[in-house]
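Here's the structure, in structure tokens; my notes come after.
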Amino acid sequence: MEKLADVIRKNKNLICESLHIGYANWDDLLERIERQERIQRQDYADEKIWTFLVGCAYAMQSLKGTSRLAQLLIESDIPVETKGWFEVLPLSPREREGSTHLDLAFGNIGIREGTQSGIELGNGKHNWISFVECKWYSDIANSVCYDKHRNQLARVIENAVFFSKGDKFAQQIHVTLVTPEVFKSHPAKSRLYCYKFADYMDHAAIVQDITSSFLPHRRDYPDLNDRLNSLHLHWVSYETLFKHFPDSILKQPLLEFEKLFNGTRNKQMSKNDC
């Protein structure tokens, strides 16, 4: 079977038609995949590469594929086809915070003028967005440089609800957490995001965490409670995304890579392991 990195390299043009590569470096991504194919670590934990591979798998079917990925991530139909945006930077609504690093985004999105990776709300008629935060073994950051009480999930949510272009804001907002299934279904909550995701199903908890930040807003924004009425939260596993890989010449190499190197499938210890 042809090496995974080689198949991706040969299909770069097709992939990039519907998967915008932001601040990530294409050559570096392929070098990391090639390194893993040589070393063959059984428990591969590079979440950027796992997310990139997911994006590539669906982009092999152009907009049809990236739109299917968006549907899986928001757990519902989408109003119009969408490209995927990998490693992009919405401008934070807070002063003293740089642009927020997003793993994936979908929906009515455009490039901020003068940037390759900066994004803003697009000009499309269907005003919806999906911001995606992906974790493998890492947890959400529990602070930012200027506010030690501001967690990463709250920051992504605030970026999503105030994502705009001028005075135009998204009408439907989705924020999705993607992790290995073992952290989603295991009864022991070993990550901060397990607790925060559960808390944030109640919008009062989101309001409490967002409004507690002392960092001033860059401008006047609409009322937070009103914006949260448009918010939908989702938690989707990488395994669900792997399961629905569309048919393409990339599918089998990807599934073989996942079978060999997804060590999270074997993280349940037996008595003999203790």
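The values are calculated or read from the model by the stated rules, or taken from the named source; none is laboratory data. Not measured: the values here are computed from a predicted model. Cβ coordinates were reconstructed from backbone atoms using ideal geometry, including for glycine residues, and neighbour counts include every protein chain displayed.
Candidates in region 232-274 are the residues that are of a type in the set (Lys, Arg) and modelled with pLDDT of 95 or more; of these, the one that is farthest from residue 193 (Cα to Cα) is 251.
From the set of residues in region 159-173 that are in contact (Cβ under 8 Å) with a residue 12 or more places away in the chain and part of a loop (DSSP other than H, G, I, E, B), which is farthest from residue 125 (Cα to Cα)? Give the steps one after another, and end with the answer.
Quick first cut of region 159-173, residues in contact (Cβ under 8 Å) with a residue 12 or more places away in the chain only: 159-165, 168-173.
Still in the running and part of a loop (DSSP other than H, G, I, E, B): 162-163, 170-171.
Values: 162: 18, 163: 16, 170: 10, 171: 10 Å.
Only one residue fits best here, namely 162.
Tell me, please, whether a residue that is part of a loop (DSSP other than H, G, I, E, B) and under 18 Å from the mean Cα position of the chain (by Cα) can be found in region 42-55. Within region 42-55 (the criterion being part of a loop (DSSP other than H, G, I, E, B) and under 18 Å from the mean Cα position of the chain (by Cα)), the answer is yes, since at least one residue qualifies. Of the residues in region 222-231, not one is closer than 30 Å to residue 43 by Cα, at pLDDT 95 or above and surrounded by 11 or more Cβ atoms within 10 Å (Cβ to Cβ).
So that you can scan it fast, the table gives a plain yes or no per residue for (1) among the aromatic types (Phe, Trp, Tyr); (2) out of contact with any Pro (no Cβ under 7 Å at 6 or more places or on another chain); (3) more than 26 Å from residue 62 (Cα to Cα):
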residue: 203; (1), (2), (3): no, yes, yes
residue: 223; (1), (2), (3): no, yes, yes
residue: 226; (1), (2), (3): no, yes, yes
residue: 242; (1), (2), (3): yes, yes, no
residue: 247; (1), (2), (3): no, yes, no
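For residue 77, all conditions in the list (1) buried (at least 16 other Cβ atoms within 10 Å of the Cβ); (2) touching a helix residue (DSSP H, G or I) at 6+ places or on another chain (Cβ under 8 Å); (3) in a loop (DSSP other than H, G, I, E, B) hold save one; what is the number of the exception? Every condition holds for residue 77 apart from (1). Within region 108-134, the set of residues being surrounded by fewer than 21 Cβ atoms within 10 Å (Cβ to Cβ), modelled with pLDDT of 95 or more and of a type in the set (Ser, Thr, Tyr) comprises just one member, 117.
Taking region 187-220 as the range and being farther than 28 Å from residue 166 by Cα, touching a residue at least 12 places away in the same chain (Cβ under 8 Å) and surrounded by 12 or more Cβ atoms within 10 Å (Cβ to Cβ) as the test, the residues that pass are 191, 192, 193, 196, 197.
Being in contact (Cβ under 8 Å) with a residue 12 or more places away in the chain, within 18 Å of the chain's Cα centre (by Cα) and crowded, with 18+ Cβ neighbours inside 10 Å holds for only one residue in 33, 15, and it is 15. Output yes when any residue across region 246-261 is touching a strand residue (DSSP E or B) at 6+ places or on another chain (Cβ under 8 Å) and surrounded by fewer than 16 Cβ atoms within 10 Å (Cβ to Cβ), and no when none is. No, region 246-261 contains no residue that is touching a strand residue (DSSP E or B) at 6+ places or on another chain (Cβ under 8 Å) and surrounded by fewer than 16 Cβ atoms within 10 Å (Cβ to Cβ).
Do we have any residue at all in region 232-240 that's more than 20 Å from the chain's Cα centre (by Cα), surrounded by 15 or more Cβ atoms within 10 Å (Cβ to Cβ) and within 29 Å of residue 160 (Cα to Cα)? Before you say what the answer is, go through the steps one by one.
First, the residues of region 232-240 that are more than 20 Å from the chain's Cα centre (by Cα): none.
Looking for residues that are more than 20 Å from the chain's Cα centre (by Cα), surrounded by 15 or more Cβ atoms within 10 Å (Cβ to Cβ) and within 29 Å of residue 160 (Cα to Cα), one finds none in region 232-240, hence no.
Contact annotation: residue pairs with Cβ atoms under 8 Å, 6 or more positions apart or on different chains, pairing a residue in region 43-71 that is in contact (Cβ under 8 Å) with a residue 12 or more places away in the chain and surrounded by fewer than 20 Cβ atoms within 10 Å (Cβ to Cβ) with a partner that is among the hydroxyl-bearing types (Ser, Thr, Tyr) and not in a helix (DSSP H, G or I), are 45/137; 47/137; 47/138; 61/248; 63/82.
For region 54-69, state whether one or more residues are in contact with a helix residue (DSSP H, G or I) (Cβ under 8 Å, 6 or more places away or on another chain) and farther than 29 Å from residue 265 by Cβ.
yes
Of all residues in region 94-107, those satisfying the criterion of being within 27 Å of residue 136 (Cα to Cα), surrounded by 17 or more Cβ atoms within 10 Å (Cβ to Cβ) and either among the small types (Gly, Ala, Ser) or more than 15 Å from the chain's Cα centre (by Cα) (or both) are 97, 99, 105, 107.
When region 155-174 is filtered for residues that are under 14 Å from the mean Cα position of the chain (by Cα) and either small (Gly, Ala, Ser) or within 17 Å of residue 213 (Cβ to Cβ) (or both), the ones remaining, listed by number, are 155, 156, 157, 159, 160.
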